[in-house]
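Enquirer: One structure, as structure tokens, below. Some questions next.
The values are calculated or read from the model by the stated rules, or taken from the named source; none is laboratory data. As the structure is a computational prediction, the values presented were derived from the model and not from experiment. Cβ placement follows ideal geometry from the backbone for every residue including glycine, while neighbour counts extend to all protein chains displayed.
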Amino acid sequence: MGVSRVARCGTLLWAVALTLCLAASGAVRAAEPIKIGLGMALTGGLAGGGKSALLAMQIWQEDVNAKGGLLGRPVQLVYYDDQTNPPTVPGIYAKLLDVDKVDLVVSGYGTNMIAPAMPVMIQHNKLFMGLFGLAVNSQFHYPKYFSMLPTGPDPKGAFSRGFFDVAMKGNPKPKTLAIVAEDAEFAQNAADGARAIAKQLGLKIVYDRNYPPTTTDFTPIVRAVQATEPDMVYVASYPPGSVGMTRAINEVGLKARYVGGGMVGLQFTAIKQQLGPAINGLLDYDFWIPAPTMQFPGILEFLKKYQAKAPAAGVDPVGWYLPPFAYAELQVLGDAIEATKGLDQDKLADYIRTHTFKTIVGDVTFGKDGEWSKSRVLEVQFHDIKGNDVDQFKTTGTEAILEPAQYKTGDLTPFAEAKK
């Protein structure tokens with residue numbers, strides 16, 4: 001074989017090899033994961049909810065990847081612990097976007113953790129979905145923000161409206177109100193809504209005070225409330241405050257007829273079990289319990305998977321409250337990605353803004369400021385809790401839905417009567 005022929009053969013082999021390598025590298029690039037970044041409360045006061053939300057997101061990731069991923073690519077969650085500490089949040093999202101180069105971001109759990117991330121999202125012009133953030137976008141009006149929280153177009157008012165609706169049906173009709181709120185983003189938004197509704201109803205506010213998030217002794221607060229003899233007491237609190245207020249309410253023997261309304265944490269099985277009969281009679285918001293009217297397509301199958309994984313993950317064993325919405329949030333995002341056939345932030349936002357999504361928490365349509373177009377906040381009352389046995393919290397037997405009417409499963413009992 002001549003030298004020129006050998007050279008030509010060598011060149012041909014090199015070209016073939018190069019082509020194969022390029023094809024292989026293209027396949028590798030095509031199979032690179034779609035990265036979704038988030039901060040999540042895995043320690044601190046919101047960890048009980050944060051860890052359960054993360055498990056739900058991981059189940060969605062498994063479900064999607066088992067079906068071939070999105071756009072033919074696997075999905076990967078990239079997350080960091082925000083420690084339930086708002087000052088850590090901006091740095092986490094800056095790192096996700098600037099260092100980790102994630103394709104998309106979603107929020108962690110809760111208003112106090114979402115609000116600090118908003119300026120970072122706006123600066124980077126990124127689509128941002130918030131998980132259980134109350135009225136976070138009411139000041140920013142950011143067009144690429146969407147809220148996975150069923151409070152509707154008036155989020156501040158929706159959070160407390162059910163409390164007032166059920167209480168004002170009492171006989172005699174309440175006339176006075178006390179408001180107790182944590183000095184933090186969520187509670188202040190909820191308390192603002194309560195004040196506005198109280199004004200509309202002509203209620204006299206006899207007590208209206210904030211408490212620091214670091215408060216550990218709530219007895220003086222409840223005694224001060226008791227001294228004003230209110231008919232109704234609206235409490236806006238995060239889990240540590242909800243536990244502290246519940247204990248103090250029982251210790252003092254608060255005499256108000258209707259108590260609760262905005263207490264985050266009483267939805268978590270571990271806190272219900274911890275407090276036991278102490279929560280009997282309290283009114284509170286909720287977003288989903290397995291009443292026959294709320295068994296939307298896919299939710300029971302999801303809960304079966306979640307509850308099977310919950311013991312090993314060390315999270316809420318029941319998972320009614322936050323996990324379905326964490327899963328549904330990613331359902332919305334995934335459906336938008338497939339529908340727009342890409343990751344363009346503007347196209348995704350436009351699609352989410354203009355379409356209805358079928359999720360395990362029902363049909364979701366977004367409206368002004370990225371809030372749900374219609375409110376679906378439940379008002380529930382705890383009753384007949386005996387001891388601290390966890391099994392009683394695995395059915396709806398100790399939690400009655402009072403509002404909205406289409407989901408109602410029980411009737412209101414005045415606080416003092418429910419405590420007997």
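Enquirer: Please state which one of Gly152, Gly130, Gly108 is modelled with pLDDT of 95 or more, within 30 Å of Ala198 (Cα to Cα), small (Gly, Ala, Ser) and part of a strand (DSSP E or B). Before the answer, list the steps.
Expert: Numbers: Gly152 fails: part of a strand (DSSP E or B); Gly108 fails: within 30 Å of Ala198 (Cα to Cα).
Among Gly152, Gly130, Gly108, only Gly130 is modelled with pLDDT of 95 or more, within 30 Å of Ala198 (Cα to Cα), small (Gly, Ala, Ser) and part of a strand (DSSP E or B).
Enquirer: Of all residues in the stretch 158-204, which are among the hydroxyl-bearing types (Ser, Thr, Tyr) and surrounded by fewer than 24 Cβ atoms within 10 Å (Cβ to Cβ)? Before you say what the answer is, go through the steps one by one.
Expert: Of the stretch 158-204, the ones among the hydroxyl-bearing types (Ser, Thr, Tyr) are 160, 176.
Within the stretch 158-204, just Thr176 meets the criteria.
Enquirer: Picking from Val222, Val243, Val235, which residue would you name as being in a helix (DSSP H, G or I) and under 24 Å from Val377 (Cα atoms)?
Expert: Val243
Enquirer: Given the structure, is Leu330 more than 24 Å from Phe159 (Cβ to Cβ), at pLDDT 95 or above and assigned by TED's automatic domain parsing to the domain that holds Leu131?
Expert: In short, no.
Enquirer: Then there is this: For the stretch 286-307, what are the residues that are farther than 26 Å from Leu402 by Cβ and either at pLDDT below 95 or of a type in the set (Ser, Thr, Tyr) (or both)?
Expert: Tyr306
Enquirer: OK, next. Which residue out of Val264, Val259 is more than 22 Å from Asn85 (Cα to Cα), touching a residue at least 40 places away in the same chain (Cβ under 8 Å), touching a Phe, Trp or Tyr at 6+ places or on another chain (Cβ under 9 Å) and buried (at least 16 other Cβ atoms within 10 Å of the Cβ)?
Expert: Exactly one residue qualifies, and that residue is Val259.
Enquirer: Conditions: (1) outside any loop (DSSP other than H, G, I, E, B); (2) in contact with a Lys or Arg (Cβ under 9 Å, 6 or more places away or on another chain). Ile385 meets all but one. Number of the miss?
Expert: (1) is the only condition that Ile385 fails.
Enquirer: Would you confirm, using the coordinates I've provided, whether Ile92 is touching a residue at least 40 places away in the same chain (Cβ under 8 Å), β-branched (Val, Ile, Thr), under 20 Å from Ser147 (Cβ atoms) and not in a helix (DSSP H, G or I)?
Expert: The answer is no for Ile92.
Enquirer: Suppose we keep only residues that are out of contact with any Gly (no Cβ under 8 Å at 6 or more places or on another chain) and touching a residue at least 12 places away in the same chain (Cβ under 8 Å) within the stretch 64-75. Which one would you say is farthest from Leu104 (Cα to Cα)?
Expert: Filtering the stretch 64-75 for residues that are out of contact with any Gly (no Cβ under 8 Å at 6 or more places or on another chain) and touching a residue at least 12 places away in the same chain (Cβ under 8 Å), the one farthest from Leu104 (Cα to Cα) comes out as Gly72.
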